[in-house]
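The values are calculated or read from the model by the stated rules, or taken from the named source; none is laboratory data. Every value quoted in this text rests on a predicted model; they were computed, and no experiment measured them. Ideal geometry is used to build each Cβ from the backbone, glycine not excepted, and the neighbour counts take in all protein chains shown.
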Amino acid sequence: MSEREKTLTPDLRGLLTLPNAAFIPGAFTAILGREPDVVGLVHYALCLQRGSSRALLLAEIRTSPEGRRHAPHAISVDLDTLVTRYQKVRYLPLGRLRWKFLPTFGIDRQEHAGFDWEHWATDYVTQLIKRDAPPIPDASIHPDLANRVEALQQRVSTLLDAVQQSDLQESPPQTPQVGPNPATVSWEARGYLHQLLKASRG
């Protein structure tokens, strides 16, 4: 465990005033010490889309199993105060009204009207996928791959022509065969196909 993790102190008031696009990533980093995972990010984005408050989301992240495990490394008196109130009101029979009793720490409740959390989450996840996708191999890594692909494509094209011609012939045994017989394709051509598939899979 790094020194940074041991001394992490989440700034709850700062989290409550973050710009919309920075709020969920900031909450995960401050409370869990990591970037948001796709499932968690989408879940909390949809909660905000449905009108949940930021304070409620911070309390739920903190009281999640991972949040409780990470709590000793993310010490915050304000966050503990929020969680204490959250645990007292969560079972009140008041529906969504019970969350009105969560402390706001003197910060006016931010209205998120007009901010499309669902669209934001989609864009964020798309960027994560692009960032984490394995890099496309450089053509210089396989200098002869293009030549092999071209040769294979020519052979496949010849085979397709042969198959089409044989389908059009009413009596194939009496007609000279055009192109190679698919049954006698060389093992060299099959080897090219195998190498191409192997290269395409990484």
Test result for Lys88, out of contact with any Ser or Thr (no Cβ under 6 Å at 6 or more places or on another chain), over 17 Å from Arg54 (Cβ atoms) and among the basic types (Lys, Arg): yes
Whichever residue in the stretch 92-103 is of a type outside the set (Lys, Arg) and under 32 Å from the mean Cα position of the chain (by Cα) and, among such residues, is surrounded by the fewest Cβ atoms within 10 Å (Cβ to Cβ): Trp99
Near pairs, Cβ below 6 angstrom, 6+ apart or cross-chain, from the stretch 115-133 (assigned to a loop (DSSP other than H, G, I, E, B)) to any residue that is at pLDDT 90 or above: Phe115/Asn20
The stretch 88-100 residues that are touching a residue at least 24 places away in the same chain (Cβ under 8 Å) and assigned by TED's automatic domain parsing to the domain that holds Ser53, paired with ones that are outside any loop (DSSP other than H, G, I, E, B) and loosely packed, with under 11 Cβ neighbours inside 10 Å (beta carbon under 6 Å, 6 or more apart): none
